[in-house]
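Working notes for the structure below.
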Amino acid sequence: MSPEGRFSEADVATVCLEEGDIMFQPPGVLHSIYTPVPSIFNGGYFYNYETMHLTRAALSSSSEEDKNSLTNDHRPGYFRTLCRMVIAL
């Protein structure tokens, strides 16, 4: 970690989606959404075996200090889904 902050060396990109576009991003990717016009956005979770290691890393990187931050970290049923995927292996 650098003196400037936790993510000072992070790669940053801007993605512009237009009507009808869909975007998938890997688990654990920090993101922010800005809509210059009234819009409808629907997020969700997509689990797959190819990115399970990233899902696990993202879940284990959560800490007590992050619980008070702005996040959509509440995922009802996610742990049951992950357990079923592991059992199915």
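The values are calculated or read from the model by the stated rules, or taken from the named source; none is laboratory data. The model shown is predicted, which means the values in this text are computed figures rather than measured ones. As a convention, Cβ positions derive from the backbone with ideal geometry for all residues, glycine included, and neighbour counts pool all protein chains shown. Side chains are part of the model used for accessible areas, which takes the heavy atoms of the whole protein and leaves out ligands, DNA and RNA. Shrake-Rupley method; radii C 1.70, N 1.55, O 1.52, S 1.80 Å.
Assorted remarks:
- Any hit, the stretch 5-12, residues being at pLDDT below 75, loosely packed, with under 10 Cβ neighbours inside 10 Å and under 18 Å from ARG80 (Cα atoms): no
- Condition met for MET1 (open to solvent by 90 Å² or more (accessible area, probe 1.4 Å) and at pLDDT below 75): yes
- The stretch 15-73 - residue that is at pLDDT below 75 and of a type in the set (Asp, Glu) and, of those, nearest to the chain's Cα centre (by Cα): ASP73
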